[in-house]
Amino acid sequence: MSDKVKVAYFDFTCCEGCQIEMTNFGDAAFLELLNHVEVVEFREAMSEKTTERINIAFIEGSFSREADRARLEEIRERSDIVIAYGACACTGGINALKNHQNDYHEEVYGKDAKMPHLDSQIALPVSAAIKVDYNINGCPMDKDEFIRVVSHLVHGKQPVIPNHPVCVECKLRETVCRYDQGDHCLGMVARAGCGAPCPADGIPCEACRGFIDHPNEESLVKVLMEKGGLSRERAETRSRMFTANCRADAPEKIVSPNK
Amino acid sequence: MNAFFIKEADFTQFLGNMIGARKVIGPKARKNRFVFDQIRKPEDLRLDYDVTILPPKKVFFPPRQELIRFHGQKGSSCIQPESTVLFGVHFYDIKAIDMTDHLFRENNMDFNYLAQRECTTLIGSNVQNIFKRAFFGSVGKGVAPKGHDGFTTKISGGYLYEVYTAKGKDLLAYGTFIEATEEQINEAREVNDSVMDKCPEKINHDSLEISEKVRSKFNSPVWEEFAHDCFSCGSCNLVCPTCYCFDVQDNWNVDQVTGSRDRTWDGCLLEDFSSCSLTGGSKENFRETRGSRYRHRIMRKTSYLTAKLGGPACVGCGRCSSSCTADIADPVNVINRLMEE
Ligand code: SF4
Ligand code: SF4
């Protein structure tokens with residue numbers, strides 16, 4: 001028992017959809033994995049909590065309250081490896097859409113806007129508070145990628161987190177490019193690893209895994225306008241849904257832990 | 001005599017018989033583009049295609065391939081070649097396959113590629129529609145297509161089928177072929193010759209001249225300029241019929257005991273392609289800038305491989321030009337510009 005890898009799951013500002021995705025493995029795969037790892041804390045699936053040493057901590061959700069910093073630091077302190085999983089934890093995700101606005105409290109909560117529990121700062125990735133060793137990107141994260149990363153760590157190998165754009169995965173599966181269909185797409189700057197299901201279904205990539213390490217944002221705006229037919233304003237803001245913290249205009253530019 | 005004729009009206013039956021007896025891969029429509037895929041009905045075969053998204057090399061060198069399956073420390077090979085007829089390949093792609101045949105055969109033989117290559121019957125077909133970015137008429141003119149088993153050309157009333165090997169001859173059994181006349185052979189030659197100067201794009205110089213000049217531009221600032229809008233997306237590599245780089249990774253199954261060693265196409269335009277680990281856990285990327293990666297591809301296509309291949313490692317298919325969303329990958333623009341400098 002004791003030589004199993006001890007893992008724990010923690011959640012911050014998020015919808016907990018990635019934890020649900022985890023339970024979607026299906027019994028067979030999940031039980032198989034449990035032969036190799038011991039889950040010591042997982043709020044979505046069990047009630048126990050621990051203070052013991054953790055080999056791998058999986059953190060979901062963005063860092064959006066200063067008050068959470070201490071909890072994150074405590075997790076870092078007792079974990080050998082910290083993995084941020086899901087868009088919120090890796091890049092701030094969709095939560096970071098509020099970062100360039102200041103009227104959302106009133107818009108969303110009306111007369112309750114000033115309630116103390118609604119107080120939060122801008123949404124940042126976990127790596128803005130503590131050192132993160134690996135990101136498992138995506139909204140939600142991809143359970144096969146999760147298995148790949150965990151397997152590599154169980155075998156003492158360094159997992160490879162893709163730093164190539166979604167275009168690569170469209171080419172590998174020979175998807176007709178959205179631009180060849182008179183549409184637009186963010187695949188050229190979006191971090192891959194998903195297998196590019198959206199363009200294959202006829203939908204532009206939204207970059208839910210954030211950007212690659214060095215996205216050419218200037219060229220993106222140009223292509224969105226010239227080939228995608230978007231207005232300048234829309235071309236400039238188009239990628240913000242999932243990349244508010246990755247863009248050049250981010251309030252606090254994040255550094256990819258995968259470098 | 002190795003040239004045969006089959007009437008248009010008999011061609012469908014020929015395809016039907018061949019599909020019934022063999023695994024046939026040929027050009028097929030996918031949305032507004034074409035892809036090489038298994039042909040299950042004669043009407044799926046689109047010999048009127050202009051170009052496919054991926055080149056036919058994927059039949060021998062798939063985008064993702066298991067190399068070995070392992071169980072603990074024991075590994076076993078996954079080479080499982082399947083007898084295949086690759087039908088309807090344009091001459092420029094035949095030239096490219098001849099190059100990858102050479103590259104995968106030299107030094108360390110690539111048995112995965114060669115096993116599938118050897119049990120494939122490769123049949124060409126004439127270019128009926130020219131791709132909007134093609135320039136095959138002006139590149140590597142001295143290099144003849146070879147290594148194929150037969151070639152079909154659409155001529156008046158039907159198809160001329162030229163047979164080059166025993167594998168090509170085997171296909172005669174599936175249809176009603178008669179010996180072709182001198183006239184039909186000449187007509188086919190004309191059909192194939194006539195597309196050569198109909199390409200929308202053209203390289204203006206001879207490949208040897210280009211090879212030397214481009215090489216001499218290694219330190220020129222033009223590379224960063226050309227690559228200014230580059231996304232480092234690797235599309236220009238991945239769609240190219242003569243690119244052959246791949247990455248190898250081990251993947252475990254959930255049981256953590258079994259798994260596979262897999263290879264996936266890679267490309268020199270991708271940022272991590274030239275990144276390597278050094279002792280002490282540090283990393284080094286020997287082509288760190290977009291310009292240096294962009295230059296590398298053009299050098300490979302125009303200069304580095306010419307001695308080995310007897311011509312440029314580009315066949316003028318135009319796939320890279322059209323797959324580049326920033327539209328900066330077109331070798332014609334780069335080469336013509338450098339030659340005029
Ligand atoms: S470099 Fe471009 S045009 Fe030349 S063979 Fe490759 S994809 Fe085709
Ligand atoms: S396809 Fe174009 S943008 Fe993509 S890597 Fe090649 S040159 Fe750069």
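Where helices (runs of 4 or more DSSP H) sit wholly within the range B:174-267, those with at least 2 residues that are among the hydrophobic types (A, V, I, L, M, F, W, C) and more than 21 Å from the chain's Cα centre (by Cα) occupy B:182-194, B:207-216, B:222-226.
When the range B:246-301 is filtered for residues that are over 23 Å from B:M99 (Cα atoms), of a type in the set (D, E) and within 14 Å of ligand 2 (Cβ to nearest atom), the ones remaining, listed by number, are B:E271, B:D272. Residues that are more than 22 Å from A:L153 (Cβ to Cβ), among the hydrophobic types (A, V, I, L, M, F, W, C) and in contact (Cβ under 8 Å) with a residue 60 or more places away in the chain are absent from the range A:67-85.
Do you know which residues across the range A:1-38 are among the hydrophobic types (A, V, I, L, M, F, W, C) and in a loop (DSSP other than H, G, I, E, B)?
Across the range A:1-38, the qualifying residues are A:M1, A:F12, A:C14, A:C15, A:F25.
One residue stands out among those in the range A:206-227 that are touching a helix residue (DSSP H, G or I) at 6+ places or on another chain (Cβ under 7 Å) and in a helix (DSSP H, G or I): the one that is farthest from the other protein chains (Cβ to nearest Cβ), which is A:M225. B:L54 fulfils the conditions (1) touching a residue at least 24 places away in the same chain (Cβ under 8 Å); (2) open to solvent by less than 10 Å² (accessible area, probe 1.4 Å); (3) more than 25 Å from B:I155 (Cβ to Cβ); (4) more than 16 Å from ligand 2 (Cβ to nearest atom) except for a single criterion, (4). Of B:E209, B:E190, B:E224, all but one fail to be among the charged types (D, E, K, R) and within 16 Å of ligand 2 (Cβ to nearest atom); the exception is B:E224.
Among B:V35, B:V24, which is the only one that is away from every other protein chain (no Cβ under 14 Å), of a type in the set (A, V, I, L, M) and farther than 26 Å from B:E187 by Cα? On inspection, the qualifying residue turns out to be B:V24.
Residue count for the range A:180-218 under the criterion of being within 16 Å of ligand 2 (Cβ to nearest atom) and surrounded by fewer than 21 Cβ atoms within 10 Å (Cβ to Cβ): the result is 5. All conditions but one from (1) closer than 20 Å to B:N253 by Cβ; (2) under 16 Å from the mean Cα position of the chain (by Cα); (3) of a type outside the set (F, W, Y) apply to A:K157; the one that does not is (2).
This table checks each residue for (1) at pLDDT below 95; (2) of a type in the set (F, W, Y); (3) surrounded by 23 or more Cβ atoms within 10 Å (Cβ to Cβ); (4) closer than 22 Å to B:Y49 by Cβ.
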site	(1), (2), (3), (4)
B:C119	no, no, no, no
B:S125	no, no, yes, yes
B:G142	yes, no, no, no
B:G157	no, no, no, yes
B:E182	no, no, no, no
B:A188	no, no, yes, yes
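Of all residue pairs spaced 6 or more apart or on separate chains, those with beta-carbon atoms under 6 Å, a first member in the range B:217-243 that is away from every other protein chain (no Cβ under 14 Å) and a second member that is in a loop (DSSP other than H, G, I, E, B) and within 14 Å of ligand 1 (Cβ to nearest atom) are B:T242/B:A313. Taking the criterion of being at pLDDT 95 or above and either within 16 Å of ligand 2 (Cβ to nearest atom) or basic (K, R) (or both), the only residue of the range B:302-312 that qualifies is B:T302. For the range B:327-341, a residue qualifies if it is in contact with a helix residue (DSSP H, G or I) (Cβ under 7 Å, 6 or more places away or on another chain), open to solvent by less than 20 Å² (accessible area, probe 1.4 Å) and either within 14 Å of chain A (Cβ to nearest Cβ) or near ligand 1 (Cβ under 9 Å from one of its atoms) (or both), and the qualifying residues are B:A329, B:D330, B:P331.
Residue count for the range B:295-320 satisfying the condition of being within 12 Å of ligand 1 (Cβ to nearest atom) and either surrounded by fewer than 16 Cβ atoms within 10 Å (Cβ to Cβ) or within 13 Å of chain A (Cβ to nearest Cβ) (or both): 2. Counting the residues of the range A:149-170 that are free of Cβ contacts under 8 Å to residues at least 60 places away in the same chain, within 7 Å of chain B (Cβ to nearest Cβ) and assigned to a helix (DSSP H, G or I) gives 3.
The values are calculated or read from the model by the stated rules, or taken from the named source; none is laboratory data. Because the structure is a prediction, the values reported are computed rather than measured. Don't worry about glycine lacking a Cβ; one is built from the backbone with ideal geometry, like all the others, and counts go over all protein chains shown. What goes into the accessible areas is simple: the full protein's heavy atoms, side chains included, and nothing from ligands, DNA or RNA. Shrake-Rupley method; radii C 1.70, N 1.55, O 1.52, S 1.80 Å.
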